[in-house]
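S.K.: Okay, here's the structure, questions in a sec.
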Amino acid sequence: MSFTVHGLAVSQGIAIGRAHLISHAIFEVVHYSIRERDIPAEVARFEAALAAVRAELAALNAEIAQPGTPSELAALVGVHALFLDDPLIANVPKDLIRERRCNAEWALVQQMEQVVAQFDEIEDSYLRERRQDIVQVVERILRALSGKPRRMKKGGDSEIVIVAHDLSPADTIQFKNLKIDGFVTDLGGATSHTAIVARSLAIPAVVGLHHARALVREDDLVIVDGRRGVLIVDPDPRVLEEYRLRKREYELERSKLKRLKSARAATLDDIEISLQANIELPQDIEQVRQAGADGIGLFRTEFLFMNRDTLPDEDEQFEAYRQVARALAGRPVTIRTLDIGADKTARALNGAERQVPNPALGLRAIRYCLAEPQLFLAQLRAILRAAHFGEVRILVPMLAHHSEIVQTLAMVEQAKQQLRERRCKFAENVAIGGMIEIPAAALALGPFLRHLQFLSIGTNDLIQYLLAIDRTDEAVAHLYDPLHPAVLRILAQVIQTAHKAQTPVAICGELAGDPKMTRLLLGMGLRQFSMHPTQLLEVKQQIVMADAERLAMKVAKVLRCDEPERIRELVESL
Ligand code: PEP
Ligand code: MG
């Protein structure tokens, strides 16, 4: 039966594919005892599940042999196939079924717990990280035991749409290495980091669907409309045809935009605008190139720390930052120091995953770094060393207090001194900037302008804190309003104050990548935008059609208004 669920559109485009439910199958396993005479049948059921997973992996292997599939995926399937045939997974559960008379799922999960515990003891971090592969293989077998094996292809539709109750930013970043065509979640807000990662992957996504995970079945045909925030399950043929057409139109629009890549980003009245890119991992550089960005305005380094049991040490970080610095060949690379905490967690970090009542207001970002000076110093040294290979700048998140700025600068000096003592090459003159994402910072810019060389406004957090709306909570997502008069005024004020002080100011929050906001921001005087590379050409298209001086006059009128409907009308007519 066809039905439609509405949520929040967070990443454009249309995906038409088969639903793959992400479940924590391991937690859903039922435990029961079997009769003596049913043992052979239970063992046979287990063996059949192993055979089904073997076939699934073989089909997957054939699929990923096609050109263009990331090599990491082939490696992952290879590792899964090895574990599947390991006697610890393939044989021991059968012994448990026979000896303890437990059902196959229960036997498998008991054995998995044993194996995983052994992995936790291993010193070698690479091997220890293979623990997750075991869990995934076990999940595959459990799914096969449930009689709902995952089919990668059905009919002509090979696209995969992930359907989950919730996905963490750490889960979503892993999609960069997998062929996922879209995803939907029950929870989440439009500027949650999960949504941000979806935009950087350029895959259609809808969040805040409430009950999708419970309503959709594995392998259902679904349409994700990332523009309208809609999930259509089991569409009827007319709707399906209509969406196939829309999808082709969207792809055509995107390919036309590519022509703008080499165009100058300047307004009609010849004001040059800098369009930079936000990235999460060094591998995103390719997209940055394709979009023709002027540099990197935000490198969210915390993603280097996720999905692993050990921290990236100074050398590993240095390699990652250097790779980006070199690839950008003299164009600016703005490396943001670790912004961990709130919805971004990393199990390797001491205390960053602890449960606190209000994580968004807690020990996150620079607060965490100042509380963990050795970790912070290692990152600063890595950045300073990489700065020797390009135009690297340091950006510090979540600053609010004068004392935090002073302490941060002292730490940078200390990191430099350590490098001097080690006789290590590094850049002495690295520009240091601050993110303006706490209202207190925006309202008291003095120390930022006196001590720092540039500013970058993080509108995602600034709006969250200004309006007291949790950016990850779909229950209050309708109140997360970038056009609230308080938001508009605070943005205009920060931009103007920075200009007066001749301090460069950019926006690197999601607002900068929203083409509907480009004219408004130009009219406020913004000249530097940083966004996901996938959004850059759409924003450039707006810029080349805009007259900045005329927009400034019109935006002055918007800023005087405090009627929500009127503001919306005025912004639409800019
Ligand atoms: C912001 O808050 O706007 C920002 C760019 O940082 P993040 O989204 O990573 O919190
Ligand atoms: Mg932020």
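The values are calculated or read from the model by the stated rules, or taken from the named source; none is laboratory data. What you see is a predicted model; the values in this text were computed from it and never measured. Cβ coordinates were reconstructed from backbone atoms using ideal geometry, including for glycine residues, and neighbour counts include every protein chain displayed. Keep in mind that these areas ignore ligands, DNA and RNA; they rest on the heavy atoms of the full protein, side chains included. Shrake-Rupley method; radii C 1.70, N 1.55, O 1.52, S 1.80 Å.
S.K.: So what's the range 419-571 giving for Rg/Rh, alpha carbon basis, Kirkwood Rh from the mean inverse pair distance?
M.R.: Looking at the range 419-571, the ratio lands at 1.03.
S.K.: How large is the accessible surface per residue of the chain, computed with a 1.4 Å probe and reported in Å² as a whole number?
M.R.: For the chain, the per-residue accessible area is 44 Å².
S.K.: Within 10 Å, count the other beta carbons around each residue, average over each peptide in 245-255, 41-51, 397-407, and list them highest first.
M.R.: 397-407, 41-51, 245-255
S.K.: Given a 1.4 Å probe and every protein chain left where it sits, what share in percent of the accessible area of the range 295-430 is carbon and sulfur?
M.R.: It is 47 percent, rounded to a whole number.
S.K.: Give me the base-10 log of I(q)/I(0) for the range 295-430 at each q in 0.15, 0.21 Å⁻¹, Debye formula, one uniform scatterer per Cα, rounded to two decimals.
M.R.: -0.70, -1.32
S.K.: Measuring from centroid to centroid over Cα atoms, what is the spacing of the range 373-418 and the range 488-514 in Å?
M.R.: Centre-to-centre distance over Cα atoms comes out at 23 Å.
S.K.: Using a 1.4 Å probe on the protein chains only, how many percent of the accessible area of the range 165-255 belongs to carbon and sulfur?
M.R.: For the range 165-255, the apolar C and S fraction of the accessible surface comes to 53 percent.
S.K.: So what's the back-of-envelope 222 nm ellipticity for the chain, counting only DSSP H runs of four-plus at -39500 (n - 2.57) apiece and dividing by all residues, rounded to 500?
M.R.: -14500 deg cm²/dmol
S.K.: I've got another one for you. Please work out how much length the chain gains when fully extended from LYS500 to ARG259, using 0.36 nm per residue of separation minus the C-alpha to C-alpha distance, in nm with one decimal.
M.R.: So the chain would gain 83.2 nm between LYS500 and ARG259.
S.K.: Taking the convex hull of the alpha carbon atoms in the chain, what volume per residue do you get, in Å³?
M.R.: Value for the chain: 163 Å³ per residue.
S.K.: Right, something else. When you take every Cα atom in the range 242-328, what is the radius of gyration, and what is Dmax, the widest Cα pair distance, in Å?
M.R.: Final numbers for Rg and Dmax: 17.5, 53 Å.
S.K.: Quick one: Cα convex hull volume of the range 165-255, Å³ per residue?
M.R.: For the range 165-255, the hull spanned by Cα atoms encloses 105 Å³ per residue.
S.K.: For the chain, list the DSSP H helices whose alpha carbon atoms reach 24 Å or more along the long axis and whose average Kyte-Doolittle value is 0.0 or above?
M.R.: 39-64
S.K.: Show me the ranking of peptides 414-421, 466-473 by mean Cβ neighbours inside 10 Å, starting with the highest.
M.R.: My ranking of the peptides, most packed first, is 466-473, 414-421.
S.K.: Just by accessible area at a 1.4 angstrom probe, what is the order of SER274, SER192 from largest to smallest?
M.R.: SER274, SER192
S.K.: If I stretch the segment between ALA62 and GLU563 completely, what's the gain in nm (0.36 nm per residue apart, minus their alpha carbon distance), one decimal?
M.R.: Taking 0.36 nm per residue and subtracting the Cα distance, the gain is 174.5 nm.
S.K.: Counting other Cβ atoms within 10 Å, which trypsin sites (Lys or Arg not before Pro) in the range 354-396 have at most 16 and lie in a DSSP loop?
M.R.: Sparse-neighbourhood loop trypsin sites (Lys or Arg not before Pro): ARG354.
S.K.: When each pair of different Cα atoms in the range 286-343 is counted once in the 1/r mean, what is the Kirkwood radius in angstroms, to one decimal?
M.R.: 12.6 Å
S.K.: Going Cα to Cα from LYS516, which lysines come in below 18 Å? Please leave out same-chain ones fewer than 8 positions away.
M.R.: LYS540, LYS554, LYS557
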